[in-house]
Amino acid sequence: MELRRIFPALFTRSEDSPARSRDATLYLLRCIFFMGIRKPPARYFLAYVLWSFALNFCSTFYQPIGFLTGYISHLSEFSPGEFLTSLQVAFNAWSCSTKVLIVWALVRHFDEANAILDEMDKRVTEPGERMQVHRAVSLSNRIFFFFMAVYMVYATNTFLSAIFIGRPPYQNYYPYLDWRSSRLHLGLQAGLEYFGMVGACFQDVCVDCYPVNFILVLRAHMSIFEERLRRLGTDPAENQEQRYERLVECIHDHKVILRFVDSLRPVISGTIFVQFLVVGLVLGFTLINIVLFANLASAIAALSFMAAVLLETTPFCILCNYLTEDCYKLADALFQSKWIGAEKRYQKTLMYFLQKLQQPIMFMAMNVFPISVGTNISVTKFSFSVFTLVKQMNIAEKLAKPEEDE
């Protein structure tokens, strides 16, 4: 099959194949390379630097400035729907640029995490264990391509709906370009805005999907580790010393898992915190636009944008809740192992280890918000507060009046 040959990591490998957990981030890290934020390869140094400059100048640096400058220059010329379409994307563009800079500064942590995954793979020896890792790898990569499809559908929908009505998608400011003057200028501005937005969506996929990719494969290893804990002390051929060695090996495995989490924690903390700050506001503007101003084409584009915004935090928050449950399952598995009747040294070590396992793995957003479904619901509910405020203050009617007068 052609697709399997081009994208092999999208498909589950056989149980005879060795576990390669780092393949869960194979396409993610390739795209991060194409973002232009990795070390330039010696062979293509100049080409890589030029591509990095073009993409990051248009999407990371100029696009937020272009939105703000466009508002200052042409605010009176926006219709309410166009203004809200631009504003909702502007807030997300500013947050995306911030997240890209965070990942740019901390991208080495992804390599550290993959090195730790290689260490975990050495303990995966059974065919059933390898299958769990293979399934997590294929699911992780499929989710990455799903994110990419949703984000790119939004960018293309917005571009096509804007071209249909004869206006640029966001009406950003570009020097020496006046889209009202000619079709050529309109095409150039729409093309520049589309390139900048596609680049931003490409970046956004990488900075939003990496936590899901890494944590999915971590959960597979935790499930394998749970069974390893449950089997402790059940082999009748082992003597007391060998049983104690197996327990010490499990303690080492847990330390490796904690090192993996700690390697990702700084990146996740920064990017999710930025997203939590803007998600409610962005969704609020989108709801107002859909309900009060958008035509059919704009509503479809806004709905795809809303789906993309929800994807930025919701899947990872759900995984964080599952991760907490996985930690409690580890403690239960150790307690259910065969430890009654073991030597005192084994029992004391096991009790200490049990206390450590009862401390769940949690991610915090800059030590302010716990990253969980509850927090995600709270920040999402703020969008309804924004919508209610606009309705009660009749802001929508005030925005619509100038357009009616014209």
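Just so it is clear, none of the values below were taken in a lab; they were calculated from the coordinates. Everything numeric in this text was worked out from a predicted model, so none of it was measured. Note: ideal-geometry Cβ built from the backbone for every residue, glycine included; neighbour counts use all protein chains shown.
Quick look at the values:
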read-out	value
Value at 222 nm in deg cm²/dmol, rounded to 500, when DSSP H runs of n ≥ 4 in the chain each add -39,500 (n - 2.57)	-25500 deg cm²/dmol
Estimated dipole of region 206-294 in Debye, rounded to 20 [Cβ of Lys and Arg +1, of Asp and Glu -1, Cα centre]	200
Lys pairs, the chain - Cα-Cα below 19 angstrom, 8 or more residues apart or on other chains	13
Only Lys, Arg (+1) and Asp, Glu (-1) charged, at Cβ; the chain dipole about Cα centre in debye	760
Cα-based shape type of region 159-199, given that a ≥ b ≥ c are square roots of the gyration tensor eigenvalues and the cut on a/c is 1.5	oblate
Region 3-27 residues near the modelled W51 label - backbone nitrogen below 16 Å, point 7 Å along Cα→Cβ	27
Computed lengthening from M366 to S17, 0.36 nm per intervening residue step minus Cα-Cα distance	121.7 nm
Rough spin-label spacing in nm, given labels placed 7 Å along Cα→Cβ, for L184 and A237	8.2
Largest-first principal axis extents of the Cα set of region 214-263 (Å)	37, 16, 9
Over region 309-390, volume per residue of the alpha carbon convex hull, in Å³	98
Exposure proxy ranking, count of Cβ atoms within 10 Å, fewest first, for M197, M351	M351, M197
Dipole magnitude of region 86-186, debye to nearest 20 (Cβ charges: Lys/Arg +1, Asp/Glu -1, about Cα centre)	500
Scattering curve values for region 3-73, log₁₀ I(q)/I(0), Debye with Cα scatterers, q = 0.16, 0.25, 0.28 Å⁻¹	-0.76, -1.06, -1.16
Exposed-loop-free span, longest in the chain, where chymotrypsin sites (Phe, Trp or Tyr not before Pro) count as exposed if DSSP calls them loop and at most 15 other C-beta atoms lie within 10 Å	177-406
Ranking of M120, M366, M148 by count of other Cβ atoms within 10 Å, fewest first	M366, M148, M120
Dipole-positive endmost among Y62, M362, Y173 within the chain (Cβ charges, Cα centre)	M362
Selection from L319, L350, S372 lying farthest towards where the dipole of the chain points positive, charges on Cβ	L350
Helical segments meeting 27 Å axial Cα length and Kyte-Doolittle -1.0 threshold in the chain (DSSP H)	80-106, 127-164, 183-230, 240-288, 314-335, 373-392
Within the chain, longest stretch clear of exposed trypsin sites (Lys or Arg not before Pro) (DSSP loop, no more than 14 other Cβ within 10 Å)	232-337
Extension gain from M351 to I6, taking 0.36 nm per residue of separation minus the Cα-Cα distance	119.3 nm
Potential extension, I340-A115 segment - 0.36 nm per residue separation minus Cα distance	77.3 nm
Bins of 5 Å from zero: percent of alpha-carbon pairs in region 223-306	3, 11, 13, 10, 8, 7, 7, 7, 7, 7, 6, 5, 4, 2, 1
Extreme residue, positive dipole direction of the chain, given options I251, P18, I102 (C-beta unit charges)	I251
Calculated on alpha-carbon atoms, Rg and Dmax of the chain in Å	25.2, 90
Prolate/oblate/rounded label for region 250-360 (Cα gyration tensor, a/c 1.5)	prolate
